[in-house]
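Asks: Before we start, here is the structure in question, set down as structure tokens.
The values are calculated or read from the model by the stated rules, or taken from the named source; none is laboratory data. Because the structure is predicted, anything quoted here is derived from the model rather than measured. Here the Cβ is made from the backbone with ideal geometry for all residues, glycine too, and neighbour counts use every protein chain on show. The accessibility values were calculated without ligands, DNA or RNA, using every heavy atom of the protein model including side chains. Shrake-Rupley method; radii C 1.70, N 1.55, O 1.52, S 1.80 Å.
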Amino acid sequence: MVKSAITVSLVEAARGGPFVLWDGLEAGCKTAKELGFDAIEVFSLGPEQVDSDELEKLLQDHELSLAAVGTGAGKVKHGLTLTSASREEREQGKEFIKRIIEMGGRFGAGSILGSMQGFWGKDVPKEEALKYLAEACGELGEYAKQFNVPFIYEHLNRFETNLCNRVEESVALLNTLGNNHNVVILADLFHMNIEEVDICEAFRTGAELIGHIHFVDNNRRPIGGGHIDMVSVSAVIKEIGYDGYLSAEAVPYPTEYEAAKQTIDSYNKYFG
Ligand code: LER
Ligand code: MN
């Protein structure tokens, strides 16, 4: 069974970014519970910003799960990527992510690698960067096993990375890790709308590996606020037997509350 989730950002510096709720964990849990979401997805500056005991209580009190946690602050705040030319920075990047894996792991939530994957360029050629990326995913997937959570790799559109932009590229990357790697693919409908030839075919290509979905329209408004064909997309998500989260990573348009409400209404319409 699919489950619904909504993003809560604790990172002021990311204002304007595609996260729905911005008023802290308590207010985020309250809105999520009131609207009937199953879970929240948290974007934080790092483990030190989240009081895990407080989070546990909030999740319990509001009968919510933690769907996933983001790692993007490793780049936004510390300038770290897993494909840096500097070995030291790559190692620091992995250590930062391991602390986030521990934080989410306590709640059964996987950590998402998005912007910390970085870019290839003149200092690090494409082949080498992809090798660093695959090695890091393998190591972090292995690390996440102790918590029984996957490590979640999210390819992004061309303006945010030049490593993997499409599902088939992520599948190829993860296939280099053998078949016991504990890394899943995050399919974000916003990125897919930019990069895929056919979104439904991409879901079929990634059927075995897609473990998380960012549920958002083509323009990053909540589902229903753009032109993604959700009749077809919801049909293929069911066809491939996907049973993870559909997590709203959308801009708070026109307001946080209305974006959350529109998301859950769309979720119920297509998956209820
Ligand atoms: C960034 O565009 C994005 O989609 C995030 O989920 C990355 O972590
Ligand atoms: Mn995303």
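Asks: Name every residue in region 11-26 that is more than 16 Å from ligand 2 (Cβ to nearest atom), touching a helix residue (DSSP H, G or I) at 6+ places or on another chain (Cβ under 9 Å) and not aromatic (Phe, Trp, Tyr), in order of residue number.
Replies: If the condition is that a residue be more than 16 Å from ligand 2 (Cβ to nearest atom), touching a helix residue (DSSP H, G or I) at 6+ places or on another chain (Cβ under 9 Å) and not aromatic (Phe, Trp, Tyr), then ALA13, ASP23, LEU25, GLU26 are the ones that fit.
Each row is one residue, and each column tells you yes or no for (1) of a type in the set (Phe, Trp, Tyr); (2) at negative phi.
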position: HIS214; (1), (2): no, yes
position: GLY224; (1), (2): no, no
position: TYR253; (1), (2): yes, yes
position: GLY272; (1), (2): no, yes
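Asks: If you don't mind, there's one more thing I want to ask. Kindly indicate whether any position in region 243-252 is assigned to a loop (DSSP other than H, G, I, E, B), of a type in the set (A, V, I, L, M), in contact with a Ser or Thr (Cβ under 7 Å, 6 or more places away or on another chain) and closer than 22 Å to GLY110 by Cα.
Replies: So far as region 243-252 goes, yes, one or more of its residues are assigned to a loop (DSSP other than H, G, I, E, B), of a type in the set (A, V, I, L, M), in contact with a Ser or Thr (Cβ under 7 Å, 6 or more places away or on another chain) and closer than 22 Å to GLY110 by Cα.
Asks: Enumerate the pairs (first residue in region 189-202 and on the phi < 0 side of the Ramachandran plot and more than 10 Å from ligand 1 (Cβ to nearest atom); second residue anywhere and of a type in the set (Gly, Ala, Ser) and open to solvent by 20 Å² or more (accessible area, probe 1.4 Å)) with beta-carbon separation below 7 Å, excluding pairs fewer than 6 apart on the same chain, so at least 6 apart or on different chains.
Replies: Short answer, once both residue conditions are applied: CYS200/SER232.
Asks: Could you run through region 156-189 and say how many residues are in contact with a strand residue (DSSP E or B) (Cβ under 7 Å, 6 or more places away or on another chain) and either in a loop (DSSP other than H, G, I, E, B) or within 12 Å of ligand 2 (Cβ to nearest atom) (or both)?
Replies: 7
Asks: Of the residues that make up region 251-261, is at least one open to solvent by 40 Å² or more (accessible area, probe 1.4 Å) and over 21 Å from ASP23 (Cβ atoms)?
Replies: No, region 251-261 has no match at all.
Asks: Give the residue that is nearest to the chain's Cα centre (by Cα), with candidates limited to residues of region 253-272 that are of a type in the set (Val, Ile, Thr) and part of a helix (DSSP H, G or I).
Replies: Of everything passing the filter in region 253-272, THR263 is nearest to the chain's Cα centre (by Cα).
Asks: Take the conditions under 19 Å from the mean Cα position of the chain (by Cα) and open to solvent by 30 Å² or more (accessible area, probe 1.4 Å) and apply them to ARG87. Does it pass?
Replies: no
Asks: Which members of region 16-43 meet the condition of being outside any loop (DSSP other than H, G, I, E, B) and open to solvent by 70 Å² or more (accessible area, probe 1.4 Å)?
Replies: Of everything in region 16-43, those that are outside any loop (DSSP other than H, G, I, E, B) and open to solvent by 70 Å² or more (accessible area, probe 1.4 Å) turn out to be GLU26, LYS30, LYS33, GLU34.
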